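To start, the structure under review is shown below, and the notes come after it.
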Amino acid sequence: MKKILLALLISLFTSSIFASDEKPGRFFEDQPDVNDDYQIHFIYMLTASDKDREFDINGKIEKYAEQMNKLHEKHSKKVKGSSGAKKYKFDYRKDGKLDVTFIRLDKKRKKLNKHINNNYSGWLWLNGFNNPKKHYFTFADVTSRDGGEGGVGMASVFLKSKYNRKAEHMIRTAVHELHHGMGGGFACVPGMSEKAHWSGNRQDTIQLQIFMGKAYVHDEEGCPKGEDSAYLTPTSKDPYDPFKLICLNEWGKYNHPKLVKLREKQANDLKKGKWNYRGGGSGCKFNYWDRDGSGGMKIFDEKEAKRAYERH
């Protein structure tokens, strides 16, 4: 009887939280798109135990998004050989305002993985945030040991992390994670390690932290350049789609020897039962290891996305 009463109290408490989240100007779903181009869709996310600071409706996220693009624009035009200043393509509503979705998970923070994106990616996929032409970027108002984390498909910055106490630091981290969302850093980029970061994990300048320099423009044949991401505007004459490269393993002309070697190693490792999610760049956040089937990486289905969300 005590267990039943406890479960009932928890249910009532959770229901009251969700009811209080309904506020003027707030959207709980991705709103109709104004075009069919590649887009960054923003999200304000809380767990069941987090206080709502209303960043989606008080202008905070719009401000952060603008600062992210200003930072990228400023440094992209300075890279030797670049085609000029570029910004990310953001998802806007028909009224011209930034499209921001509010999400509250039905689990408390302590019930989720310390690397919360491991669960959260499954939740996004299950709830329809899985358009292959969108990257889902979340301002997560939660605690985390990391300042941010992400890969192709989705990424997050954790607003209650000690690394994000200053907004300027958080903005740099956000642009850093967006580059991972574009598939980088690719191992074929001069100076890049096989772990999708600069060799020695150097981030001692803003340019290195946000993956400018050779990560953005280089002369390596068969190697993606950051400025060619389909998510940047003005659109490159020869853009690449990060989802096709990383999530679908459709690399096309990107056949640099380092990439080929790492893709082959990943495939062999997985078939032998050894975990390896790196195939030359960042990982896909909507993939799972099909250990009982092909032995390779596959796109989430409902079963696997649910398993990811429930995994603690």
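The values are calculated or read from the model by the stated rules, or taken from the named source; none is laboratory data. In this text the structure is predicted, and so the values were computed from the model without any measurement. Quick reminder, even Gly has a Cβ in these numbers, built from the backbone with ideal geometry, and neighbours come from all protein chains shown.
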>> Give me the residue from region 191-225 that is surrounded by fewer than 16 Cβ atoms within 10 Å (Cβ to Cβ) and on the phi > 0 side of the Ramachandran plot and, out of that set, nearest to the chain's Cα centre (by Cα).
In response: 201
> For the subset of region 73-127 comprising residues that are β-branched (Val, Ile, Thr) and outside any loop (DSSP other than H, G, I, E, B), which member is farthest from residue 41 (Cα to Cα)?
Replying inline: 103
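Among the aliphatic types (A, V, I, L, M), touching a residue at least 40 places away in the same chain (Cβ under 8 Å) and touching a Leu at 6+ places or on another chain (Cβ under 9 Å): which single residue out of 98, 105 fits that description? I'd like the intermediate steps shown before the answer.
On the way: 98 fails: touching a Leu at 6+ places or on another chain (Cβ under 9 Å).
Just one listed residue meets the conditions, 105.
Have a look at 144, 76 and point out the one that is in contact with a Lys or Arg (Cβ under 8 Å, 6 or more places away or on another chain) and over 30 Å from residue 234 (Cβ atoms). Walk me through how you get there before you give the answer.
Working: 76 fails: over 30 Å from residue 234 (Cβ atoms).
One residue alone meets the criteria, 144.
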> Using beta carbons and a limit of 6 Å, which pairs, at least six apart or on different chains, have the first residue in region 219-230 and more than 15 Å from residue 192 (Cβ to Cβ) and the second one buried (at least 17 other Cβ atoms within 10 Å of the Cβ) and at pLDDT 95 or above?
Replying inline: 227/82; 227/216; 227/217; 228/240; 229/182; 230/38; 230/241
>> Restricting to region 275-312, name every residue that is free of Cβ contacts under 8 Å to residues at least 12 places away in the same chain, assigned to a loop (DSSP other than H, G, I, E, B) and either among the charged types (D, E, K, R) or surrounded by fewer than 12 Cβ atoms within 10 Å (Cβ to Cβ) (or both).
In response: 290, 292, 293, 301
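Can you report the number of residues in region 171-202 which are assigned to a helix (DSSP H, G or I) and in contact with a helix residue (DSSP H, G or I) (Cβ under 6 Å, 6 or more places away or on another chain)?
Residues meeting the conditions: 5.
Being of a type in the set (S, T, N, Q), part of a strand (DSSP E or B) and either crowded, with 21+ Cβ neighbours inside 10 Å or in contact with a helix residue (DSSP H, G or I) (Cβ under 8 Å, 6 or more places away or on another chain) (or both) is true for just one of 138, 143. Which residue is that?
138
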> Filtering region 21-73 down to residues that are closer than 20 Å to residue 166 by Cα and of a type in the set (Gly, Ala, Ser), which residue is surrounded by the fewest Cβ atoms within 10 Å (Cβ to Cβ)?
Replying inline: 59
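To keep it simple, each residue is scored yes or no on (1) farther than 30 Å from residue 110 by Cα; (2) out of contact with any helix residue (DSSP H, G or I) (no Cβ under 6 Å at 6 or more places or on another chain); (3) of a type in the set (Val, Ile, Thr).
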site	(1), (2), (3)
42	no, no, no
53	no, yes, no
58	no, yes, no
64	no, yes, no
69	yes, yes, no
72	yes, no, no
> With respect to the numbered conditions (1) surrounded by 15 or more Cβ atoms within 10 Å (Cβ to Cβ); (2) among the small types (Gly, Ala, Ser); (3) on the phi > 0 side of the Ramachandran plot; (4) free of Cβ contacts under 8 Å to residues at least 40 places away in the same chain, which one is the sole condition not fulfilled by residue 267?
Replying inline: (3)
